[in-house]
Every structure is written in C-alpha cells, then in structure tokens.
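All remarks here apply to the structure that follows.
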Amino acid sequence: MPSNREPLIAALIGCRWVHSHEEDTADEAVYRPDDYSFPPARGRDGFQLRADGTLVLIMPGATDRALSQLGRWQLRDNELLVFADST
C-alpha cells in the first residue's frame, strides 16, 4: 500500500530547503525552498534530499561559506528518517 506521504517526499526531493528561523514556533522549525525571498541573515542551515537516498546537510561555516555533510534519508513506517554521517 503506498504511503500518503510519498507525494510529499517526491516534492521535497531535489530542492534545497533552507531554515527560515524567523518563522519557527516552539513546536516547528520552518524550511523554505532556497529561492524564497529570505530577510538578511548571517548564515542559514538547510538540506537537500536526493532520489538515491543521499542527504546533503548544509550549514554555515566559520568564514560564512556554506559547509556540507553527506548522510542518508529514507521513508520507513510512514515517517521520514534522516541519518547524518559523522565523517
């Protein structure tokens, strides 16, 4: 039986999602596509899900250049699971 989240996951794949911390609430962190008109901020974290199960975590570095870390993602039991490699 297909998951009701599969269309959502399909929409997430390939896009770079950036943290819009100004919109966060106590219960939710808000991420928007990278072409969103964000207010100025010094560095934003984000992620990209790839169709092959690869995850790219994006975080601001000490020199304001973006750093990335590879990991894996998968959909299991109707929940998105994310695994970041420590290397």
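Overview of values
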quantity: Complete set of residues in segment 57-84 that are surrounded by 12 or more Cβ atoms within 10 Å (Cβ to Cβ) and in contact (Cβ under 8 Å) with a residue 40 or more places away in the chain; calculated: 58, 75, 80
quantity: Any hit, segment 55-69, residues being of a type outside the set (A, V, I, L, M, F, W, C) and at positive phi; calculated: yes
quantity: Within segment 41-87, considering residues that are assigned to a loop (DSSP other than H, G, I, E, B) and touching a Leu at 6+ places or on another chain (Cβ under 8 Å), the one nearest to residue 19 (Cα to Cα); calculated: 45
quantity: Residue tally, condition among the aliphatic types (A, V, I, L, M) and open to solvent by 60 Å² or more (accessible area, probe 1.4 Å), over segment 29-56; calculated: 2
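The values are calculated or read from the model by the stated rules, or taken from the named source; none is laboratory data. Bear in mind the structure is a predicted one, so any value in this text is a computation, not a measurement. Ideal geometry is used to build each Cβ from the backbone, glycine not excepted, and the neighbour counts take in all protein chains shown. Ligands, DNA and RNA are stripped out before the accessible areas are found, and what is left, the full protein with its side chains, is counted by its heavy atoms. Shrake-Rupley method; radii C 1.70, N 1.55, O 1.52, S 1.80 Å.
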